[in-house]
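For reference, the structure discussed in these notes is given below.
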Amino acid sequence: MNYETVIGIEIHCELKTKTKMFSGAPVAFGAVANSCVNEIDLGHPGTLPCVNKEAVRLAIMAATALHCEIDPLVKFDRKNYYYSDLPKGFQITQQFHPIGTGGYVEIETETGSKQIRLERIHMEEDTAKQFHNEEGTLIDFNRAGTPLVEIVSKADIRSGKEAAAYVEKLRSILNYLGVSDVKMEEGSMRCDVNISLREMGSREYGVKSEIKNLTSIANVQKAVEYEVARQSEILSNGGTIVQETRRYDEAQKATVSMRKKEGNVDYKYFPEPNIPPIRLDEAWIKEIQSHLPELPDARKARYQREYGLNDYDADVLVASRELAQFFDAVCQYTKEYKMAANWTIVELSAALNKANLKASDSPCDPKHLADMIHMIKDATISSKQAKIVFEEIMKGKDPKQVVEEKGMKQMSDSTELLKMIQEVLDNNPKSIEDFKNGKDRAIGFLVGQVMKASKGTANPAMTNQLIKEELAKR
Amino acid sequence: MQLSQYHNQDVKQRVYEALEKAKALQPKLNAIVSFAQDIEEQLEALKQIPKNAPLYGVPVVLKENVNTKGLLTTASSRILSNYIPVYDACIVEKLKAAGAIIIAKSSMDELGMGGTNLSAYSGPVNNPYDLSRISGGSSGGSAVLSAADVSALTIGTDTGDSVRKPAAYNGVIGMKPTYGRISRYGIIPYASSLDHVGYFTTSIADAAVALHVLAGRDDRDMTSSYREVPAYETLLNSDLKGKRIAIIDNVQNAIKDDAILANFNQLIEQLQKRGAIVEHVSLNEQLLSVLLPTYFIIANAEATANHSNLDGIRFGMREDGESVEEVMRHSRTAGFSTNIRKRFVIGSYSLFVENQDKLFRKAQKVRRLIVEEIKTVLDQYDITIASATGSIAPHPQDSVDEKLSDTYLIAENHMIMGNFSGYPSITIPCGFVQGMPIGVSLMAKPFAEQTLFDIGLAIEEETGLRGQIAEVEA
């Protein structure tokens with residue numbers, strides 16, 4: 001039997017605000033437990049929610065970037081359930097009127113680009129964090145009330161690869177917008193994957209399982225692929241899938257059952273009475289929308305159009321917002337875009353990785369890299385020398401100073417070079433003879449002698465050319 | 001004692017006299033849950049308040065659901081029987097800034113859910129005019145302490161008629177301003193869309209001063225109004241010439257007590273003599289007869305969510321259990337009375353997905369229709385008027401909260417219209433029947449509190465009941 005994989009993904013993303021969704025308590029990752037809370041976050045009697053305008057602004061940015069339609073009338077609802085990480089016994093969310101509806105994310109697949117349609121994007125508040133140990137349960141309420149957007153895709157995803165591409169793309173977009181830290185490993189971006197199989201050609205949905213605890217994009221793909229294999233084996237053997245929540249266990253490289261789902265939970269949603277509907281100013285929405293930062297697709301297109309970069313280089317740069325920003329900064333000072341891209345992608349990335357730094361924290365000044373590129377281009381230094389210079393500019397030094405200090409200037413003056421070449425040729429009659437006898441290798445030897453004589457400063461390309469010319473004359 | 005009578009008295013002496021009186025009456029009235037422990041600190045803090053502050057050195061009593069930092073606030077429920085708030089309600093800040101001294105917290109129906117005050121965890125409150133009769137509720141303690149002349153201003157809250165009905169039963173003024181006029185921040189809720197802060201005084205002049213102090217925008221309550229607060233007390237004008245008054249016939253027709261009707265009719269004649277234009281209106285009888293069930297569905301639905309925070313985990317009474325879930329279940333089972341749990345079940349039931357259309361949403365729709373009906377009348381009149389209650393304060397055995405006879409449905413529940421609409425409404429004492437006080441209920445357009453005070457002043461002048469108090473022998 002041939003099965004089609006059907007996947008929908010829900011992503012929860014913490015918004016980068018100073019304060020919480022409905023309270024003035026600070027939002028901080030990694031702070032001392034229960035130090036970023038007030039009476040509202042703890043659900044004390046008599047407290048009331050107050051909507052964080054900055055969170056609404058960030059949500060509008062996200063919704064716009066995802067091509068959603070914005071509802072200018074902001075409303076909130078209560079989702080009721082009892083759990084010790086939910087202080088009020090309900091979560092304030094946007095069940096009936098999400099801030100954004102429709103929209104899509106475009107991903108690249110083996111067969112070309114594909115649109116993954118979105119159901120909705122809505123604002124809500126995060127829960128507290130629980131730690132279970134032998135003595136009991138510890139609760140840290142710092143996270144309680146942190147603003148979230150939940151982005152729900154339609155069931156348009158068909159494979160683990162597509163799932164990973166979708167999450168990657170979404171993460172990149174949200175990162176470019178600066179609305180979220182999007183760190184899966186820290187939980188500022190969390191993704192729940194709903195996955196089911198159905199007979200090829202069928203329109204009915206199969207029974208789904210929901211996979212949680214996916215801490216990396218690689219794990220999204222691995223988990224989906226494991227789950228597809230698991231479900232298709234059950235179905236092929238005539239079994240039935242049980243609706244359940246599973247989590248991805250990294251050690252076992254498998255999804256394991258967390259709990260069975262007995263029908264749908266009734267969350268008894270109803271409109272939050274303490275937050276009157278808020279009519280957003282259309283001008284404010286337009287203002288936000290007209291100041292969106294450049295998104296990854298647009299930036300890639302610009303790199304190809306304006307800088308003539310190839311697909312691969314553009315992709316690599318755009319994949320990291322910080323790296324792309326550094327590249328853009330270098331391009332402020334040079335028109336050697338291809339070289340700038342190469343140095344950024346290869347040498348800079350490697351050096352940053354080694355030092356465990358983000359491109360935004362690079363000790364190398366983009367202008368210095370541009371200056372060095374110009375030195376290579378006009379043959380002031382050789383590419384071999386450039387590697388040494390680069391090590392120094394990564395320490396924050398000016399390349400001109402480095403070249404001067406190290407006496408590295410490349411000898412590119414043809415009169416001077418020629419003088420040196422004549423000397424070398426005069427001292428090596430055997431090599432000239434070899435060359436005349438058809439041994440091309442001799443040129444290499446002669447170039448090497450010139451380099452030696454010049455202490456490595458001779459411009460290799462010019463040297464090579466001039467030697468050939470001189471040999472022809474003799 | 002009225003505010004005007006406090007002048008030229010020693011503040012400390014006055015505060016301690018009020019405390020002494022409250023303590024002496026406690027065995028008779030049982031109106032207080034706890035006395036303030038920080039009187040001296042408050043008197044010390046008063047030194048920073050200008051002597052001409054409107055409530056300078058005035059002893060004030062708060063209902064047991066008004067959060068007071070460091071002072072027990074139980075909402076008269078076992079589940080909060082050990083709850084000491086970590087913050088002050090907005091109105092506590094306002095009262096203290098105006099010079100008030102908080103002397104005690106008064107008894108109420110458990111979590112505000114009742115109209116008799118029989119369900120308070122500290123036991124029933126007795127009517128000062130006849131200790132064998134009920135105080136009414138849910139703000140029974142504050143109503144009784146106003147009537148017994150312990151304090152010129154006592155604070156209550158009004159979700160159905162929880163200030164205005166006990167005011168009628170105890171012969172004092174009960175004021176419920178427009179929804180959003182007084183911040184609810186720090187008030188332990190019953191049903192957020194219906195909850196109002198209200199208060200008791202023995203004169204219209206005092207009621208005007210009190211609203212001037214309590215009203216105003218609070219950024220912590222998104223439903224609170226930005227409207228400026230007038231100096232009501234300086235604008236008082238009892239001239240009734242040309243004032244348009246609508247008698248709600250449905251209410252008067254439903255009342256069976258001839259003495260109450262006669263008193264009402266006499267008052268109307270007096271108002272006409274002063275130049276008021278009094279006309280009869282009939283509201284849609286069918287809508288009025290479903291006031292109570294509609295109220296019950298909305299209030300209980302909101303209440304069940306509002307009180308989901310009372311789970312024994314972060315504060316309040318905790319019962320042991322094997323798991324977190326069990327702790328929550330045991331705490332809630334032991335912490336709420338049977339009647340409260342019944343209301344939670346009703347509230348939840350009306351919110352179930354399969355019931356929302358026929359219960360919760362239908363109730364919301366009926367609420368809108370009723371508000372439309374009231375609005376139509378108040379578009380043509382300055383106020384509506386009706387007898388506050390269909391009877392004098394009953395004995396406990398005769399009082400039922402949920403009686404479904406026609407008389408009861410309309411005569412005893414019409415004041416809910418003020419909560420459905422959020423329109424301002426006041427109860428004013430208008431005489432005695434069988435030695436027990438009765439009251440008349442007024443309702444005006446949104447934010448037309450001044451109209452209520454002005455017409456109320458005329459009524460007070462006609463009845464001569466300004467400053468009316470009950471003499472209770474300690």
Would it be correct to say that B:S76 is crowded, with 24+ Cβ neighbours inside 10 Å, in a loop (DSSP other than H, G, I, E, B) and either basic (K, R) or more than 14 Å from chain A (Cβ to nearest Cβ) (or both)?
-> no
Restricting segment A:126-185 to residues that are more than 25 Å from A:R299 (Cα to Cα) and of a type in the set (S, T, Y), the residue that is farthest from the other protein chains (Cβ to nearest Cβ) = A:S159
Quick one: is B:S289 within 13 Å of another protein chain (Cβ to nearest Cβ), touching a Leu at 6+ places or on another chain (Cβ under 9 Å), in contact (Cβ under 8 Å) with a residue 12 or more places away in the chain and over 23 Å from B:Y87 (Cα atoms)?
-> no
Does segment B:318-334 hold any residues that are in a helix (DSSP H, G or I) and either over 25 Å from B:L72 (Cβ atoms) or at the interface with chain A (Cβ under 10 Å from one of its Cβ atoms) (or both), and which are they?
-> B:V324, B:E325, B:E326, B:V327, B:M328, B:R329, B:R332
Output the residues belonging to segment B:54-73 that are more than 13 Å from chain A (Cβ to nearest Cβ), under 25 Å from B:Q2 (Cβ atoms) and not aromatic (F, W, Y).
-> B:P54, B:L55, B:G57, B:V58, B:P59, B:V60, B:V61
Are any residues in segment A:302-322 within 21 Å of A:L177 (Cα to Cα) and touching a residue at least 12 places away in the same chain (Cβ under 8 Å), and if so, which ones?
-> A:Y303, A:A314, A:D315, A:V316, A:L317, A:V318, A:A319, A:S320, A:R321, A:E322
Identify, from the list A:T334, A:T415, the residue that is in a helix (DSSP H, G or I) and among the polar types (S, T, N, Q).
-> A:T415
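Can you pull out the residues in segment B:428-462 that are part of a loop (DSSP other than H, G, I, E, B) and either closer than 20 Å to B:K165 by Cβ or in contact with a helix residue (DSSP H, G or I) (Cβ under 7 Å, 6 or more places away or on another chain) (or both)?
Kept after step one, since they are part of a loop (DSSP other than H, G, I, E, B), are these residues of segment B:428-462: B:434-435, B:445-448.
Within segment B:428-462, B:Q434, B:G435, B:K445 qualify.
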Looking at segment A:68-80, is at least one residue open to solvent by 10 Å² or more (accessible area, probe 1.4 Å) and facing another protein chain (nearest Cβ under 10 Å)?
-> yes
Taking the options B:R361, B:R318, name whichever one is touching a Ser or Thr at 6+ places or on another chain (Cβ under 8 Å) and open to solvent by 70 Å² or more (accessible area, probe 1.4 Å).
-> B:R318
What number of residues within segment B:6-52 satisfy the criterion of being of a type in the set (A, V, I, L, M) and under 25 Å from the mean Cα position of the chain (by Cα)?
-> 11
Among A:V105, A:V32, the single one that is in contact with a Leu (Cβ under 7 Å, 6 or more places away or on another chain), among the aliphatic types (A, V, I, L, M) and either at pLDDT 95 or above or outside the structural domain of A:L174 (by TED's automatic domain parsing) (or both) is A:V105
Exclusive hit being assigned by TED's automatic domain parsing to the domain that holds A:A229 and under 30 Å from A:Y104 (Cα atoms), set A:L48, A:L15 = A:L15
Output for Cβ contacts, cut-off 7 Å, separation at least six or different chains, first residue closer than 18 Å to B:K362 by Cβ and at the interface with chain A (Cβ under 9 Å from one of its Cβ atoms) in segment B:298-317, second among the acidic types (D, E) and open to solvent by 10 Å² or more (accessible area, probe 1.4 Å), reads none
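Has segment A:5-16 got at least one residue that is among the β-branched types (V, I, T) and within 14 Å of chain B (Cβ to nearest Cβ)?
To start, the set of residues in segment A:5-16 that are among the β-branched types (V, I, T) comprises A:5-7, A:9, A:11.
Cutting the leftovers down to within 14 Å of chain B (Cβ to nearest Cβ) gives us none.
Among the residues of segment A:5-16, not one is among the β-branched types (V, I, T) and within 14 Å of chain B (Cβ to nearest Cβ), which makes the answer no.
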Hits in segment A:253-308 - residues which are part of a loop (DSSP other than H, G, I, E, B), open to solvent by 60 Å² or more (accessible area, probe 1.4 Å) and within 14 Å of chain B (Cβ to nearest Cβ) = A:N264, A:V265, A:Y267, A:P277
Restricting attention to segment A:99-113, the residues that are free of Cβ contacts under 8 Å to residues at least 60 places away in the same chain and touching a Lys or Arg at 6+ places or on another chain (Cβ under 9 Å) number exactly 9
Evaluate segment A:50-58: report whether one residue or more is out of contact with any Phe, Trp or Tyr (no Cβ under 7 Å at 6 or more places or on another chain), over 26 Å from A:P276 (Cβ atoms) and at pLDDT 95 or above.
-> no
Strands (runs of 3 or more DSSP E) wholly inside segment B:94-188 containing at least 2 residues that are closer than 30 Å to B:V11 by Cβ and at pLDDT 95 or above | B:101-106, B:153-158, B:173-176
Out of segment A:87-115, which residues are within 14 Å of another protein chain (Cβ to nearest Cβ) and not in a strand (DSSP E or B)?
-> A:P87, A:K88, A:G89, A:Q95, A:F96
Among (1) assigned to a loop (DSSP other than H, G, I, E, B); (2) closer than 21 Å to A:E322 by Cα; (3) modelled with pLDDT under 90, A:S360 falls short only on (1)
Inspect all residues belonging to segment B:212-223 and state whether any of them is away from chain A (no Cβ under 14 Å) and farther than 15 Å from B:A448 by Cα.
-> yes
Only one of (1) within 14 Å of chain B (Cβ to nearest Cβ); (2) farther than 20 Å from B:R184 by Cβ; (3) assigned to a loop (DSSP other than H, G, I, E, B) does not apply to A:V56, and that is (3)
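The values are calculated or read from the model by the stated rules, or taken from the named source; none is laboratory data. This one's a predicted model, so the numbers in the text were calculated from it and none came from an experiment. Methodologically, a virtual Cβ is constructed for each residue, glycine included, from the backbone with ideal geometry; neighbour enumeration extends over all protein chains shown. Accessible surface is based on the protein model in full, side chains and every heavy atom, while ligands, DNA and RNA are left aside. Shrake-Rupley method; radii C 1.70, N 1.55, O 1.52, S 1.80 Å.
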